[in-house]
């Protein structure tokens, strides 16, 4: 009989497990990789063999589909792993996973030949996606191909009882990659222990760069945060830290049980958790209540802590701000760090650290990348599409064979090299899936100025297929529908700005939608963006516009400046954004009046919101589904409310009005689900307010869990809409 298995069945010790089971059962047969699937030919009862196999799968394996064919076995006696064959494609490789306890024990044991060797891994752990070029998953298709096995590794590879039996990236100090230390000028520093040399320099206060899986990190001691900010020209944006262990973690944060589970999972994401307030944590994430923390996942990261007394290190992606993470050893010297710990293994697929939060029983991806890509969602609609996302936090999506596959996090569209990275990431994912033929459709955002539109046009022309422009917030809502497996819902789409189908800037919308169409049933009042993009950074412009809408004299500018802004009131684009509303609140209440990084004013407002209470006298008026927001600013100012109560009263008032609009529409349409999506939905106070209001109105609350709430998830929505509307 022939057994055909699909899923995560390559690169996880699957064939060795099949071999060991067959030998235990004394069954003759063969097993091999055929493209992305595994094929087993046996002389015996396939059903019972398959059941035994499922009971003894390796940790990272997952069988997603199976097929048993009545093909007589005519192979050799005994059981054999035979060479892989190029066959059907489809992503079935595991994600990169943290080094396992057994490999760590080897690294710590001075009697083992892999003692202190940072590239130690086995079939249960280590990098996968970041080092694979194509399927089937064999060494020749990985970045380990240039490193021939030594006799000892060849012996391990060939012995069925070894846990590295047929482990494709097996290596040791005698035959595998090596680390080297370089100084500021990029000159090699000859040392027997380059990791020790690197940590000694960190302890002296140096800023270093360390190459790991899927990319490089800028690395420094937490005590050097001020110097790092000056050097990296990153004055306010928070830095993530890597901590030695859970004990060290609790010195910096107060994690929930769910956050502990996330941070210690095999994927090792950066997890946002409530920080312990002190001078150090405040410098790491100025003005915020949370801090991004992760545990070591690569062997070299464990070695860093073994060779120094520090319990935490600042770790942030090594890139020129706004550009993709650097991979080439020669290019990284351009950053001008004090020292570099680099290895000679090529990174085939860069992948930034995933960033996650947890609230109300749901995971929330701020960035879905290393450890969580490639991944897919079942959609059950045939066709091949590519969706390219928005302009910020770009992640693309490929629809193929009834599934939606997301690329790793790419970056912001205006960054140098980002479009080339997006193009290559899409092409690589399509190749792995066998979806590199003609496309059914290509989906892009409606905004005429987005950088990825040119790539969309090119892909559309190459396949002679439609190029679909998908409204930004409909894509947000659609991504939530796919994520939650809900067909239709009324969704609050709250973010910074997205191009509306009326040419205005949206971002505070109530949409009744499915994958075929949407209706805008509610919105926030339009606030003129005085000077366009300038109003996104100089938030006093938002306050000036709100003053004028309230019939007041605009404040915060001299007479000449005010005269210019006054003339812009009638000509500037209107913006209905919840993100901009919170930016204006942040500015008016003295929290943040200038945005230095994406989301900064609204993020810093969350600290105030958590302390505030609703004043029942703060009331918003609505007309024809539009919530009039400008008078709320005057109300809280005239009442003399504390900044915390003012912030909470305005935000809670607006959200309650939006939920009421959603409820009325849902009841009229017989819909039970009300959803929340968009970048503002990462705010835990916002989540709490909306969730409580939805449940109090007897509706089902829908939140994200697998797709990023923010712009990193809209490609999923674009792809789903494209597939549905092309059928």
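Brief remarks on what is shown
Quick grid of which residues meet (1) more than 18 Å from the chain's Cα centre (by Cα); (2) surrounded by fewer than 19 Cβ atoms within 10 Å (Cβ to Cβ); (3) at pLDDT 95 or above:
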| site | (1), (2), (3) |
| --- | --- |
| 398 | no, no, yes |
| 402 | yes, yes, no |
| 411 | no, no, no |
| 414 | yes, yes, no |
| 422 | no, no, yes |
| 432 | yes, no, no |
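- Considering 7, 75, the condition of being touching a strand residue (DSSP E or B) at 6+ places or on another chain (Cβ under 8 Å) and not in a loop (DSSP other than H, G, I, E, B) is satisfied by 7 alone.
- Single condition residue 719 does not satisfy, out of (1) buried (at least 24 other Cβ atoms within 10 Å of the Cβ); (2) within 22 Å of residue 600 (Cα to Cα): (2)
- Among the residues listed as 84, 56, the single one being more than 23 Å from residue 213 (Cα to Cα), in contact (Cβ under 8 Å) with a residue 12 or more places away in the chain and exposed (fewer than 15 other Cβ atoms within 10 Å of the Cβ): 56
- Residue tally, condition surrounded by fewer than 20 Cβ atoms within 10 Å (Cβ to Cβ) and under 19 Å from residue 596 (Cα atoms), over the range 318-342: 4
Yes or no, residue by residue, for (1) exposed (fewer than 14 other Cβ atoms within 10 Å of the Cβ); (2) in the same structural domain as residue 20 (by TED's automatic domain parsing); (3) touching a helix residue (DSSP H, G or I) at 6+ places or on another chain (Cβ under 7 Å):
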position: 50; (1), (2), (3): no, yes, no
position: 70; (1), (2), (3): yes, yes, no
position: 93; (1), (2), (3): no, no, yes
position: 101; (1), (2), (3): yes, no, no
position: 104; (1), (2), (3): no, no, yes
position: 107; (1), (2), (3): no, no, yes
position: 130; (1), (2), (3): no, no, no
position: 134; (1), (2), (3): no, no, yes
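- When the strands (runs of 3 or more DSSP E) confined to the range 611-727 are screened for residues that are in contact with a strand residue (DSSP E or B) (Cβ under 8 Å, 6 or more places away or on another chain) and under 30 Å from residue 402 (Cβ atoms), those reaching at least 3 such residues are found at 673-677, 700-702.
- Put simply, of 152, 145 the only residue that is over 30 Å from residue 431 (Cβ atoms) and modelled with pLDDT of 90 or more is 152.
- Test: residue in the range 226-238 that is at pLDDT 95 or above, within 13 Å of residue 293 (Cα to Cα) and touching a helix residue (DSSP H, G or I) at 6+ places or on another chain (Cβ under 8 Å): yes
- Residue in the range 32-39 that is modelled with pLDDT of 90 or more and either assigned to a loop (DSSP other than H, G, I, E, B) or over 18 Å from residue 166 (Cβ atoms) (or both) present: no
- Qualifying position, being more than 26 Å from residue 325 (Cβ to Cβ) and more than 29 Å from the chain's Cα centre (by Cα), among 166, 206: 166
- Only one entry in 361, 389 is surrounded by fewer than 24 Cβ atoms within 10 Å (Cβ to Cβ) and out of contact with any strand residue (DSSP E or B) (no Cβ under 7 Å at 6 or more places or on another chain), namely 361.
- Selection count where residues are surrounded by 22 or more Cβ atoms within 10 Å (Cβ to Cβ) and not in a loop (DSSP other than H, G, I, E, B), scope the range 343-353: 1
- So residue 366, is it under 16 Å from residue 317 (Cβ atoms), in a strand (DSSP E or B), touching a strand residue (DSSP E or B) at 6+ places or on another chain (Cβ under 8 Å) and in contact (Cβ under 8 Å) with a residue 24 or more places away in the chain: yes
- Scope the range 161-205; condition surrounded by fewer than 14 Cβ atoms within 10 Å (Cβ to Cβ) and outside the structural domain of residue 309 (by TED's automatic domain parsing); matching residues: 161, 174
The values are calculated or read from the model by the stated rules, or taken from the named source; none is laboratory data. Because the structure is a prediction, the values reported are computed rather than measured. Positions of Cβ are backbone-derived with ideal geometry, glycine not excepted, and every protein chain shown enters the neighbour counts.
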